[in-house]
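Chemist: Quick one: the structure is below, and I'll ask about it shortly.
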Amino acid sequence: MQLFTDSSFFLWLIVLTIPAFILGLMERSIKVYGFATSLLFVWLSMGGNRPALIFLAIYLIWEYGGAIVYERLRMKKGRKAGTYYLFLLLSILPLALNKFVPGRPAGVSVFGFLGISYMTFKAAQVIIQIYDGQIKEVGLFPYLYMMIFFPVFTSGPIDRSERFRQDLEQVPTRAEYLDLAGEGIFRIFLGLLYKIVLAAIFYQLMQTYGMERSWTGGLIYMYTYGFYLFFDFAGYSLMAVGASYFFGIRTPDNFNRPFQSLDLKEFWDRWHISLSHWFRDFVFSRVSMDLMRTRKLKSRLTVACIAFIVNMGLMGLWHGTKSCYLLYGLYHGVLLSLTEIYQKKSKFHKKHRKTKWYRVLEWFVTFQLVMIGFFLFSGRLEAYL
Amino acid sequence: MEEMEKKLLDLLTEICEDDVVKEEPDLNLVEEGLIDSLGYIQLLFELEDRFGIVIAPTEYKREEMDTPAKILEIVKRKADAK
């Protein structure tokens, strides 16, 4: 069964949400029930695939084990960069093996189970935040529950462990829960509209008019694919957030009107927000600080450009090892760097940035750049080579 | 303490490239366009480098660090806790 896609999933979701709703109304904690429900969904989505389930179990033991061992070491020995990087690498190792060790055809790939890409963000962030001193105690139940929480375990949004844990401890009042459930149902229906109606329409348009290998065909493919991607993923994300609410978890939103962005920095604040903010907080800012520490680079701008390219290159690679993903990441890394340089250096930009015509122009250029990025991401370019 | 306050304001002036941060403690640095993400990262780096105060990028939200007064308050608290 595919989560948020198959009709059987939605039936299960309705049935299994009713007890959560009753617990919420009674002002009881939903965490134990939510955990059990998540286990059931893991079984429903992967139960037919024994190797996947075994890999998932090994993975969870590995990651949790790494986190508690590192937590002890951090407490005893303090902030040691060497130990930190070792444990960070260990937490990413299963995902790296999964991506880079080729799977046998028709066989199972190493650590091939649903959700490993998204779970690894959470596993790595726990290690990073132990190093930072923000996480003092990992806790078995909150850790496992965060990893397998069913609305988000396959494709996010990526939550933060401190935030998730806070929701586990705070039981909302009946009025608060009803508000939350209302917001949740709205998101689920809007998400359905996005994914089942709008994404499907753009997909049809793409298949019908966009497959011709010509300039017009390519342009139609580019725009229809871009909108398809948005409605498909934003629709899924809305439903995942909505379903989380019913279980008392305020999973963060993933999209905020990305196509109205005036520059690419703004775009990444509005598109796949939980992913880009994860990279901002755990990659970009840290790469920048490490670069500043070397004292080899005089200008802040140079630091930013290198950090943008490393950051977005990694983000591209995370999507998969195909060259189109890396290309997509580097494309955005380079464009973000150029945006930064342009906005810092250009007198023209500083002079006109508040005028209306300039803002319309900025919007127009940004929109095209975004769509070109999606075209690269789609891998469709290969058909033209 | 006063020594540190002066040093911190010098640092903010350096990062924001504007003396105004010394005069208006409640000025919103983000809204005024005086500090951006990279400015914040530089601030965290310099705090560690010059003051030995470690603040993780995820420790505070932007709204908690958007005026000279708020930043000063956090730095003082961190220095006391050391």
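The values are calculated or read from the model by the stated rules, or taken from the named source; none is laboratory data. None of these values were measured; they are calculated from a predicted model. Here the Cβ is made from the backbone with ideal geometry for all residues, glycine too, and neighbour counts use every protein chain on show. With ligands, DNA and RNA removed, areas are computed over all heavy atoms of the protein, side chains included. Shrake-Rupley method; radii C 1.70, N 1.55, O 1.52, S 1.80 Å.
Chemist: Among (1) open to solvent by less than 40 Å² (accessible area, probe 1.4 Å); (2) within 25 Å of A:Q125 (Cα to Cα), there is one condition A:S45 misses while meeting the rest; what is its number?
Modeler: Exception for A:S45: condition (2).
Chemist: How many of the residues making up region B:32-82 are part of a helix (DSSP H, G or I), farther than 14 Å from B:L11 by Cα and within 13 Å of chain A (Cβ to nearest Cβ)?
Modeler: Qualifying residue count for the region: 5.
Chemist: Take region B:12-26 and flag every residue that is open to solvent by 20 Å² or more (accessible area, probe 1.4 Å) and within 14 Å of chain A (Cβ to nearest Cβ).
Modeler: B:E14, B:E17
Chemist: Then there's this: Give me the residue from region A:14-30 that is closer than 19 Å to A:M146 by Cβ and either in the same structural domain as A:F164 (by TED's automatic domain parsing) or not in a helix (DSSP H, G or I) (or both) and, out of that set, least open to solvent (accessible area, probe 1.4 Å).
Modeler: The extreme case among them is A:I30.
Chemist: Every residue in region A:248-265 that is surrounded by fewer than 17 Cβ atoms within 10 Å (Cβ to Cβ) and in a helix (DSSP H, G or I), please.
Modeler: A:F259, A:Q260
Residue by residue, here is whether (1) within 8 Å of another protein chain (Cβ to nearest Cβ); (2) out of contact with any Cys (no Cβ under 9 Å at 6 or more places or on another chain); (3) open to solvent by less than 40 Å² (accessible area, probe 1.4 Å) holds:
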position	(1), (2), (3)
A:L275	no, yes, yes
A:F279	no, yes, yes
A:R286	yes, yes, yes
A:S299	no, yes, no
A:I306	no, yes, no
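Chemist: Quick test for you: out of B:L9, B:L29, pick the one residue that is of a type in the set (A, V, I, L, M) and either in a helix (DSSP H, G or I) or exposed (fewer than 14 other Cβ atoms within 10 Å of the Cβ) (or both).
Modeler: Answer to the selection: B:L9.
Yes or no, residue by residue, for (1) at pLDDT 95 or above; (2) open to solvent by less than 30 Å² (accessible area, probe 1.4 Å); (3) in contact with a Leu (Cβ under 9 Å, 6 or more places away or on another chain); (4) not aromatic (F, W, Y):
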position: A:Y33; (1), (2), (3), (4): yes, no, yes, no
position: A:L39; (1), (2), (3), (4): yes, no, no, yes
position: A:R50; (1), (2), (3), (4): no, no, no, yes
position: A:W62; (1), (2), (3), (4): yes, no, yes, no
position: A:G78; (1), (2), (3), (4): no, yes, no, yes
position: A:G82; (1), (2), (3), (4): yes, no, no, yes
position: A:V101; (1), (2), (3), (4): no, no, no, yes
